[in-house]
Structure formats: structure tokens, C-alpha cells
Amino acid sequence: MKHEITLKINGESITKEVDSRLLLVHFIRENLSLTGTHIGCDTSNCGACTILLDGKSIKACTYLAVRADGSEITTIEGIAEDGTNHPIQKAFHDQHALHCGFCTPGIIMRSIDFLEHNPNPTEEEIRWGISGNLCRCTGYNNIVKAIKQAANEMKNETV
Amino acid sequence: MFKCKTSPEVGGMGHSVKRKEDARFLHGKGNYVDDVKLPGMLSMVMVRSPYAYAKIKNINKEKALKIDGVLAVITGNDLAQYNLHWMPTLLSDTQMVLPTDTVMHQSQEVCAVIATDRYTAVDGAEAVEIDYEPMQAVVDPFKALDEDAPLLRPDKEGQKDNQIYHWEQGDRDKTDQVISNADIVVKERIYLPRIHVASIETCGCVASYDKDTKKLTVYLTTQAPHAIRTVLALVAGHVGLSEEKIRVIAPDIGGGFGGKVPVHPSYVVAIAASFLIGKPVKWIEDRSENLVNGFARDYHMDCELAANKDGKIQAFKVKTLADHGYTDASANPSKYPTGMFSICTGSYDYEHAFAELDAVYTNKVPGGVAYRCSFRVTEAAHAIERMVDKLALKIGKDPAQLRMENFIKKDQFPYSSPLGWNYDSGDYHATLKKAMEMVGYDDYKLEQAKKRKEGKLMGIGICTFTEVVGAGPSKDFDILGIAMFDSADITVHPTGKAMARFGTKSQGQGHETTYAQILAEELGISYNDIEIEEGDTDTAPYGLGTYASRSTPTAGAAAAIAARKLRDKGKKIAAHLLEVSEEDIEWEVGKYFVKGAPEKSKTIQDVAFAAYTNIPPGMEPGFEATHYYDPPNLTFPNGAYICVVEVEEATGAIDVKRFVAIDDCGNIINPMIVEGQVHGGLTQGIAPAMYEGIEYDDEGNVLNGTLMDYLVPTSVESPHWETGHTITPSPHHPLGAKGVAESPTVGAPPAIANAIIDALSPLGIEHLDIPITPAKVWDAIQAHK
Amino acid sequence: MIPSNFNYHKANTLKDAFALSSSLGEEAKYMSGGHSLLPMMKLRFATPTDIIDISKIEGLSYIREEDNLLKIGALTTQVEMERSSLIEEKYPIFKDASKLIADPAVRNCGTIGGNIAHGDAANDQPSLMIALRANFVVEGPNGKRNISVDDFFHGFYMTSLDPSEILVEIQIPQYVDGSGSAYHKVERKVGDYATSGAAVYLELDGSEYCKQIGIGLTNVSATPMRLSRAEDLLKGKVISNELIQEAGKIASEDCEPSSDLRGSEAYKRSVTNTLTKDMINAALGRAK
């Protein structure tokens, strides 16, 4: 069964036809060619496919594309202008919070949602806040540090 | 400590410069295999066996082929027409590409469905009808050698039982004699279970064969692109795939850890499919396929450690049974079927040791590859470090003290180990002392004594491991006969900026930064002005790839030496420019100057420009150098790790309170990156120590083939790691460096196991196999009540 | 992992949903957050012909006190439960649970109604419902009806919902002074299903007699389990340490776990014992 869906992706309005069973992550990667959103586990455990749907971080591997009709989606490609960094991207670079980079977009998208609701987190809260995102390379120490740095920088920005 | 020779702007060794490769990953512009899209590309999905051991009676493709968009179903019989249904393994065994009559493990590839897109291919795979006749699988490796066990590999000529090989090293008789005369002998059977690297990116490929140019391009999740190209040429040469017509491209890799070393059967099928159909074919593993294919560890080790009554170690003996699955697909150097397992004598000074191993076939997936440690060093370190703790417990000596009394001393290096390794350097006493100070060892000992009086379970665990990385010297180390050198190829452009290519392949280690720093150190060109490329066999120099912490020891050394060749050429050019003789030219980072007249100088950039514009008479133009580095020895990084835990008796819950890791990996190129590698390796150490293990039932079914049940640690399980260093340069490496990335994966599990077992020791518990879960602890506590 | 083909239908109102369900028949399934059903479909353990999306139905997402009840709209997400100040103040058991359900991104989608209606004894909310003696308001083509939690769970993934019915509201007794509640589970790692979990709700009168008590257990039986024998033991008494010990012992005896990757049967019984005691103590602490 085909459905026409209209949604905003990284600020741009689009209308596409999708199958009932098309997963949102495939829609983003294959139909929209935004390959920064990754697939790591298929069972909503690893978080490599995390995106923002109407501002909330969700796992796009466990969401039907057709259900995103009428929503606003932000992916890693949409959080900063080309050549510039979102404070979280900058902090990940500063703190060496990525190695292979495969989990990185998902963790950054999750962190945006997390800091939105907890702008001044403790280390413990950060660790629980990203507990749905697996990283196999970094051992998480520097990811925690990066999110802390971003929190501080984002607070100063809004003051 | 290491003193930087270059300014932060040049960014040579010792500077924590930020990574050059980060930008593309941070912005979603990494290019991983699944991101590759080619015109007309088809999708391949494998149909896999539900049984561990079964005859294939019939494969019915009809229903699948009726689905709109399904183009082909490829079976073993289809491949047999081209003699492509079997392939050799790295250790001279044979592995099915696709079976013609028998499946040997659950989830084995049975046939492949090729369709216009992924969704259709999955539907096609569901529609293929296969009749199996299940047989009684051999699951327990100890039963594989029973007389009545079925012969699993009748296809192999002369194979009369399920033993693959016997290996041994050392003096059995002398070791037995020392053990039988010793004051103290401690014994234990230690099992390191099957685990899986579970890199967040699974494996995959895009194979693209052009029928007109006869050129095959394969985008592949591989840690060793050149070796793979050679293997493909050997496997498929007879059908016309010749090595110069094969281009292997390893794009960005989402974590490797050894899981992306082997040639997966599906790669070969995808290539065959593209070859037959003439269109690009993409295959991407899903997570379950990933987890139930390939493995690391699976060693059952019977250990004996002998000492005098004071705890002076006298001999070590280990007899191992290795479960290799249905074929020996281990990724080891040819002459080392058990990898570097003979490093099992550890960091201690004693004379006698004997190690033997029997490898057997079972109805399990083959593998025997790495889990952030390729060559069986983790198994070896676990064996000796557990046994040393057991000895300490037995004679009532502090495990730190026991280690201090047995360590190889600083002035004994280079040290010949009982099983034949030549340890290059180390200062084990200093490293352990630093770890003890950092964690506050003495205070914890007091706290532990107090807690024990209160009936609380607290443990302190130590591991002082010696690693062996950087394979390796060509006289001993080869894969399929190819010596295990590695390579660097530098071009300095006329404007003084550079490009360098390597035979290795980063999977997150940060090569684009560290290699640039090595060249910055040697040439004085800023690391920012040097581009690094790897992974494309059409452009990179031949190398054996990145695994087993070998990139810095081999390709890193190649970079330094190639740079020094350039510097030698540059000296001649500088002499020409400064109109003095070559002997009068001296070098300091970034420039040549005239001896005694330092104001008369030429920068490396001046010299590079002259190499293209103002060449000394008779000299070959250009400013390029290549080096293939054949290391004279391996490097022996080492470390002292200390873990503090508390265990709750009622529930078995384990709380890791502290973990301190002091590593000695020689001179450090980028401290930030090294620390990051250690953090990551430690989390991949706590993972098998407390969470991960592939579980099989009696029929050979994998019980935890998703990330719901294969428990990769999250940020919550992963402790806040504390790290530090001692620096004992490698005497033979041009930069004094050693490898590091796998050290923490080797060192962490014994430290954690020792800590938990130390906590439980007042209850009479002397050993537990990893993963040590609360459930296992609880069961052990009940058994000792 | 890709689900087999199905047809997707979006329901804007409950009426829409019932009409779709009636016309599509029993092979059609409702989907709210989708985090229980879609994974089963991707693994092809579930192959519904049609999916009726009820997540966009207005007016089913709320948390309010009314008629001496706490009323929770079934489409309220776990994260909305987590962030509600009303929940935080008076119903901390939900906060205990939500932190432990899957992970934060999943909780952005997952709904409390879905967690219950899926009928999985491994899910966490069912044992809370048992402890809190919830009433479920369900609606179908033939109108509304109430189902008590004790009549709701029937077996492995089975509830007393008809295929065409939708759980629309969860009702629990409104907070009273002297009440306390707590939930915890033992999990192999964060986000895992429970090895065992215990939910406790109790009300004390002025002289600390236990007026009311509910104890629910997670994932130690085929259906979410009420620990009746321990409730009977504690009700009407001052809850002493001895009684708590006895309740823990009953928990270990009455639960029905089986040995699996999460541990041996004996281990699970022991963990259930400890959790039950700990949660009675925690609930008591909050009640006082």
C-alpha cells in the first residue's frame, strides 16, 4: 500500500510516496540520501539511527516512515550550517569523543534532546541520558566529557 | 617523560592535536559501505540455516523467483559450476562459500537472493523453500574427540577424527619435573568463552564488475584491503579475476576490532553475483547475522603454576582445548596457528614453561579472529594473571607483592622468555608502583580488612600484563606467505605540503592524524599540511593492514624511515641551494642550516620547491619516498591495571568502584588518541569480563543473537576509567613507539576477574570464569555455603 | 530486518479506529508507540495484514486527578510520565519505573497503554498496575467497559482485550496521606527486560497499620503476577522487619521463574525475595 507523505526534513518541505512498511531510517538514508543516520542493530538497542522527530529523539529503525507524515525531522546533516559546528559537534571534536564515527551522529542527536531537558547535567545523568546509544570504540569517558562541555557552552550562549 | 621536539603548530610527536578526520564524521559525511550507491545497484540477502548440522535435501527457488524484483537465487551448486563453492582459509583449511549438500553450523549461508532492492530481497529470502535433514550436532568441544563423535569433515583427505591440529611449545619433561618437585602448585581450568566484536557497523560490501573493462571494484568493510585483493585473485583467478583488475576500496569503517579481517563467504557470493549479472551488488549484514558469524576466544585452558614456598614462580604449564567451529578460519600468521599464545608466561622471570593446544572441529561458526586482540594474547594473559592471583591466595601473600617479587627486572631487558619471545623493554616495577599510588592501594587494603570484619565483600584485583604486538619480522611472520611488513609512500608537493599513503587501514584509530604527526616530527611540515590516505588498493602501497595493534609498530615506522629518506635527499638539495658541501649541512626540525652559520638555512618547504624547480645536477627530480618496513622484532607494550569492586552477597550485584590503568606503550605520538584508545579498550575489557558471551544450546542454536541479549555495555555499565602512563621506549622501533589499542582489552578482564574473586575469597571461592555476572556470583556463593 | 508487507491505516479518532478494525478483521493490529509490536514484525514473529495507527488520536494523552482517581490517558508516553510534576510529587513509583524502561529515546515513543496492552510479563508497567490495583477503561465498537487489572492479563501476550478494543485510560486510586509506593528491577544491563522486578504500593493509617497493600512482580511468571499471600500477610498489621522478611520469603516461594540467560531459577527466586523486601521498605519510607 502506497501513501503520500509530506514532512519537513532539516527545514525543507518534501512530499514523497512511501510503502506502508518502509522504515523511517531507510526513508532517510535511501529515499532522501541523508546517510549520516546509520543502522547498527535493527532492534532499537544501539541508537545509531537516532534522529529528532518534532524535537524528540527517536530511533528511526523502529518507526514507520508513513507515521512521520506531517512532522518535522532533523538529522545530523541539519543541525549546523556547512562549515560550522553545533556546540555538541564542537565539543565532540575538542574532547576526542569519537573514533570510528559510526555511532556519533546518533549520540549527538540524542544529546541535543537530552540537554534541552537537562541543561546542567551531572556525569551520572549524562550516562543514563545516553544509555540507549552504544559506542564500541571510545569507552564513553570522552563522550561524557563532551556533553558536559557542550552543556556549559550552550548555557553561556543563552545567557 | 617524552619531550616534544616540535611546536604545537607543527604538531609532531607528543602533541595532543585534535583529529583531522573528525569533521566528516561529526557532520554525517562519513562514507561507510552502506552509504555507497552505484547506478543499477542490486541488493543481496542471504538465506541461512536454522540447523547446526543438516543435510540439504532440496532448495526450491520457484516461489522466490516469482516475486517481482527478485532476479536470482544463487546456491552452492550454482557456484560449483565455476568451482567457487569452497575457498581456502588463512590457515590452509577450507571453508564453504555456499554449501552443496551439508550445513555445518546454525546461520550458515545456504543461498543468496539477488533483487532490485533490500526489501524485495528479504521477501525473496523468506520465500526460498529448503528441505533439511537435521543431524545430531557436535556442540561440546570435549566430545568432539570422542570415538563415537561423527566425523565432521569427511571432505578433507586423511581426516580421521575431529582434531584440526596439535601444537606445543617449550620443554614438557623439564617443566613437568619442576612442577612435581615444587613446594606449591596451583591448578585451574580457565575458560574464555566465545565473544563477538559487535562493531556498531556490521560487515558488508558493494561488488561491481564491469563486463567491458573486466575490472572488479569492491567496496568492502575490510581492515586489510591488499591482503583481501590477493586472496580474491587466488580464489577467483581461474574464472578470470586477475589481481591487477581487482580494486578493493575500504571506505570509512565503523569499527573493526578484528571482525573485519576475514573474507566472509557473502563477500565472495556478492562478487560472483556481480560477475555473473554485470551489475553492482550490495550486501549488508544485519545485526543477528553479524553476531552469529565469526567469534573470538573459545579456549579451555588447564593451567598449572609452580612456585617455592615464598612464592617465587618456577614453572608454568597450560594445556588448551580450542573450539574452532567447522573449519579453522583463525586469522593468525601462518607459522603461528595459536597466534602469540606462548606469551602466556607473562611478566615474570622464571625458566620453565610448556604450552600445548589441541584444536577441534564442532558444529559452530568458524572464526577464531580478534576481539580487539588478534593473536590470542588475551587468553594468554588471562591464564597467567589468574594463576598468579591464585598462587597469592594460596600462600597468603599480597598479589602486588608477589608480582613485584617475580617481575622481570628493568635491567634484564632485552629478555628471553621461557617460550622464546625476546621482550624489548619495560619497567614493570615502576608501572605497577604508579598504578598502586594512583589508586591508593594501601588505603584500599586497610578498607578491605575493615569491611571483611563487617562481613562485607570488597575486592582489589591486579593485572600486570605483557603484550606482544607489531607483527612482524618477515623471517617468522607471514599471512598466506606474504611477509607482514607495512608501508608508507610520501609525496611532498612543490608548495611544501604533503600527501602520504599507507598499507594499513584505520577503523577509528585516528591514522589520518597520527601518521601526519609522525611525518611532522620527521620533516617539520605541519600535520595540518599533510593529507593521509589509506584503503584503496589502486593507490596505496601494499601492506598487510590494521589489526593486532600493528599500525604504529609497522606502518608508523615505515613513515618515519620514508621521511628520513626524504630528509637525506633534502640535505643534498639544501647543500646545492646554500652552495656548501653536503657534510656541512645540519638538520633541525623543519630546516637545514650550515654548520656554524645557522643564519644560512633553507626550510623543508624551500627544499621541496627546489626539488621540482632547481634540481642539483644529476639528481632525480621530485620529492617522494617510499618505505616498506620489515620490523626487526615485535614490540612488547605492558601495563598494570588495578580494579576495586564491591559485591553484594544477597544478590551477587557487582559494583566496580575504581579502575586504574597504567600503560607503557613506549613513546607516544598523540597522548589524546592513546588515552582514547585505552578508554575504548577498557570498555571492551569489562564487556567480556562481566557481560558478553555467545551462548549455545545443546543443539547448537545461538541463544543470544541480537543486541537485546548480547550485552554490549552502555555508558552506565562502563566505569569512569582512570588512566596513566610510564614510558619505556622500544629500543628497536625508529620512534621508540609500541602498539597500544589492544592492551586494555588484554589487561582489563583479568584485573576485573581478580577483583571479584578477591571479594569472594573469604567465602572460599577461588575462581570464576568470565563473564562474571551477578547470577553467576550468586550461584557460586550458594554453592560455597 | 524488515517487516513483511502490510497495509497501514491511520485513525484520527477512536471511532475511525473501530470502523477500521471492524472492516479489516482480526489480522489487523493497533499500533501506538510501536516499540513492542514493530520489533516483533521486523523479526517476522508477528505478521499482521494491517496496522491501525492510533498514536495520533487526540485526547488520549493526559495525567490528571479527578473523581478521587489518578487518570492516565493510554497514549501518554513514558517520557511524559517521567517529566510530570504530579507524578514526581505523589506517584514516585512511576518515576522509579520509567527510568528503567528501555532507554530515553524509546521512552519518547513508547506509551504506558502500549506497555500494558502488549500483555508481556517482561514489561514493567503491568506489575505497577497490579500493585496500584488499576482499573482499565477500554473502548470498542460496542462501547466502553472497565476491566480490573486482576482480570486483564491472561497468558503469554494475552489480555482480555478483544482485538477491536483499545485501552483508553488507566485509573488508579488517588494519592492519600500515608501512602507510599516504589518499584525496582534487577536487569543485566540498563535498558534490559527485568530479571525480576517488584512493585509495592501501601497505605498506612495514623498508627502505622497497613490499611492497603499491593505487590506486583515483573517477569517471574508467564503473566504479570500479584503476590497475594504476602499482601494478605501484611494487610491490617504494623509492618515489622519480621513481616517483611516473611513477605520476601513468600515472594521467593510463589514466583514462577524459569532458568534462562538471565540466571538460574534459584537466583531469580532469591532476587525476587530481596527486591520485594527492598521495595516494601522503600514504600514504607515514602509513606512515613
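Residue B:216: among the aliphatic types (A, V, I, L, M), part of a helix (DSSP H, G or I), more than 25 Å from residue A:102 (Cα to Cα) and in contact (Cβ under 8 Å) with a residue 24 or more places away in the chain, yes or no?
Working: among the aliphatic types (A, V, I, L, M): yes; part of a helix (DSSP H, G or I): no; more than 25 Å from residue A:102 (Cα to Cα): yes; in contact (Cβ under 8 Å) with a residue 24 or more places away in the chain: yes.
Against the criterion (among the aliphatic types (A, V, I, L, M), part of a helix (DSSP H, G or I), more than 25 Å from residue A:102 (Cα to Cα) and in contact (Cβ under 8 Å) with a residue 24 or more places away in the chain), residue B:216 does not qualify.
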**Message:** Can you pull out every residue in segment B:374-417 that is surrounded by 21 or more Cβ atoms within 10 Å (Cβ to Cβ) and closer than 17 Å to residue B:633 by Cα?
**Reply:** B:375, B:377, B:417
**Request:** Please list, ordered by first then second residue, the pairs with beta carbon atoms under 9 Å, 6 or more apart or interchain, first in segment A:2-20 and within 14 Å of chain C (Cβ to nearest Cβ), second modelled with pLDDT under 95.
**Result:** A:19/A:1; A:20/A:1
**Item:** Total residues in segment B:30-39, condition assigned to a loop (DSSP other than H, G, I, E, B), touching an Asp or Glu at 6+ places or on another chain (Cβ under 9 Å) and more than 7 Å from chain A (Cβ to nearest Cβ)
**Value:** 2
**Request:** Run residue B:289 past the list (1) within 14 Å of chain A (Cβ to nearest Cβ); (2) closer than 13 Å to residue B:209 by Cα; (3) of a type outside the set (Phe, Trp, Tyr) and report the number of the one that doesn't hold.
**Result:** (2)
**Item:** Conditions (1) in contact with a Cys (Cβ under 6 Å, 6 or more places away or on another chain); (2) among the β-branched types (Val, Ile, Thr); (3) assigned by TED's automatic domain parsing to the domain that holds residue B:435: number failed by residue B:318
**Value:** (3)
**Request:** Test residue B:392 against the stated conditions and say whether it is touching a Pro at 6+ places or on another chain (Cβ under 7 Å), at pLDDT 95 or above and part of a helix (DSSP H, G or I).
**Result:** yes
**Message:** Just to be sure I understand the filter: pairs with C-beta atoms under 8 Å, separated by 6 or more residues or on different chains, first member in segment C:28-45 and at the interface with chain A (Cβ under 7 Å from one of its Cβ atoms), second member assigned to a helix (DSSP H, G or I) and β-branched (Val, Ile, Thr). Which pairs pass?
**Reply:** C:34/A:62; C:35/A:62; C:35/C:106; C:38/A:62; C:39/A:62; C:42/A:62
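Listed here are the residues, each with its yes/no results for (1) buried (at least 20 other Cβ atoms within 10 Å of the Cβ); (2) under 26 Å from the mean Cα position of the chain (by Cα).
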position	(1), (2)
B:24	no, yes
B:37	no, no
B:49	yes, no
B:53	yes, no
B:75	yes, no
B:85	yes, no
**Asked** So which of C:7, C:12 is of a type outside the set (Phe, Trp, Tyr), within 12 Å of another protein chain (Cβ to nearest Cβ) and touching a strand residue (DSSP E or B) at 6+ places or on another chain (Cβ under 6 Å)?
**Response** C:7
**Prompt:** Are any residues in segment B:124-136 in a helix (DSSP H, G or I) and surrounded by fewer than 20 Cβ atoms within 10 Å (Cβ to Cβ), and if so, which ones?
**Reply:** B:126, B:127
**Subset of segment C:184-242 (residues that are on the phi < 0 side of the Ramachandran plot, within 14 Å of another protein chain (Cβ to nearest Cβ) and of a type in the set (S, T, N, Q))** = C:195, C:196
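Under the condition of being within 18 Å of residue B:642 (Cα to Cα) and without any contact (Cβ under 8 Å) to a residue 60 or more places away in the chain, which residue from segment B:685-719 is surrounded by the fewest Cβ atoms within 10 Å (Cβ to Cβ)?
To start, the set of residues in segment B:685-719 that are within 18 Å of residue B:642 (Cα to Cα) comprises B:685-690, B:717-719.
Restricting the remaining residues to those that are without any contact (Cβ under 8 Å) to a residue 60 or more places away in the chain gives B:717-718.
Working: B:717: 20, B:718: 25.
For segment B:685-719, the residue satisfying everything is B:717.
Step by step: first the residues of segment B:748-785, then only those that are outside any helix (DSSP H, G or I) and within 13 Å of residue B:387 (Cα to Cα), then the one that is farthest from the other protein chains (Cβ to nearest Cβ). Which residue is that? Walk me through how you get there before you give the answer.
So in segment B:748-785, the residues outside any helix (DSSP H, G or I) come out as B:764-773, B:784-785.
Applying the additional criterion that residues be within 13 Å of residue B:387 (Cα to Cα) yields B:766-769.
Values: B:766: 21, B:767: 19, B:768: 14, B:769: 16 Å.
Of everything passing the filter in segment B:748-785, B:766 is farthest from the other protein chains (Cβ to nearest Cβ).
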**Asked** Tally time: how many residues in segment C:71-94 are of a type outside the set (Asp, Glu), over 13 Å from the mean Cα position of the chain (by Cα) and in a helix (DSSP H, G or I)?
**Response** 7
**Request:** Taking only segment A:112-143 into account, find how many residues are polar (S, T, N, Q) and either at pLDDT below 95 or in contact with a Phe, Trp or Tyr (Cβ under 9 Å, 6 or more places away or on another chain) (or both).
**Result:** 2
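Confirm whether residue A:117 is within 14 Å of chain C (Cβ to nearest Cβ) and surrounded by fewer than 24 Cβ atoms within 10 Å (Cβ to Cβ).
Yes; evaluated as a whole, the condition is true for this residue.
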**Message:** Quick test of your reading of the structure: residue B:232 fulfils all but one of (1) in contact (Cβ under 8 Å) with a residue 40 or more places away in the chain; (2) buried (at least 21 other Cβ atoms within 10 Å of the Cβ). Name the failing condition by number.
**Reply:** (1)
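Given the residues B:534, B:522, which is the only one that is more than 19 Å from the chain's Cα centre (by Cα) and not assigned by TED's automatic domain parsing to the domain that holds residue B:220?
Unique residue meeting the criteria: B:522.
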**Request:** Working only within segment A:32-58, note down all residues that are surrounded by fewer than 22 Cβ atoms within 10 Å (Cβ to Cβ) and within 11 Å of chain B (Cβ to nearest Cβ).
**Result:** A:33, A:34, A:43
**Request:** Tell me, please, whether a residue that is away from chain A (no Cβ under 14 Å), among the hydroxyl-bearing types (Ser, Thr, Tyr) and assigned to a helix (DSSP H, G or I) can be found in segment B:612-625.
**Result:** yes
**Prompt:** For segment C:171-208, how many residues are in contact (Cβ under 8 Å) with a residue 12 or more places away in the chain, touching a helix residue (DSSP H, G or I) at 6+ places or on another chain (Cβ under 8 Å), outside any strand (DSSP E or B) and of a type in the set (D, E, K, R)?
**Reply:** 2
**Item:** Exclusive hit being out of contact with any helix residue (DSSP H, G or I) (no Cβ under 7 Å at 6 or more places or on another chain), more than 20 Å from residue B:30 (Cβ to Cβ), more than 10 Å from chain C (Cβ to nearest Cβ) and assigned to a helix (DSSP H, G or I), set A:145, A:90
**Value:** A:145
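Let me confirm something: among B:713, B:729, which residue is in a loop (DSSP other than H, G, I, E, B), at the interface with another protein chain (Cβ under 10 Å from one of its Cβ atoms) and not charged (D, E, K, R)? Let's see the steps before the verdict.
Working: B:729 fails: at the interface with another protein chain (Cβ under 10 Å from one of its Cβ atoms).
One residue alone meets the criteria, B:713.
Mind listing whichever residues of segment B:626-639 are in a loop (DSSP other than H, G, I, E, B) and polar (S, T, N, Q)? If you could, list the steps in order and put the result at the bottom.
Of all residues in segment B:626-639, those in a loop (DSSP other than H, G, I, E, B) come to B:630-634, B:636-637.
Correct list: B:633 only.
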**Message:** So, residue B:62, is that one over 27 Å from residue B:291 (Cβ atoms) and surrounded by fewer than 22 Cβ atoms within 10 Å (Cβ to Cβ) or not?
**Reply:** yes
**Fill in**
For residue B:146, the lone unmet condition from (1) part of a helix (DSSP H, G or I); (2) within 30 Å of residue B:194 (Cβ to Cβ); (3) free of Cβ contacts under 8 Å to residues at least 24 places away in the same chain is (1)
**Prompt:** On the given criteria, is residue B:570 under 22 Å from the mean Cα position of the chain (by Cα), among the small types (Gly, Ala, Ser) and outside the structural domain of residue B:251 (by TED's automatic domain parsing)?
**Reply:** no
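The values are calculated or read from the model by the stated rules, or taken from the named source; none is laboratory data. Note that the structure is a prediction, hence the values are computed from the model and not measured. Glycine also receives a Cβ, built like all others from the backbone with ideal geometry; neighbour counts cover every protein chain displayed.
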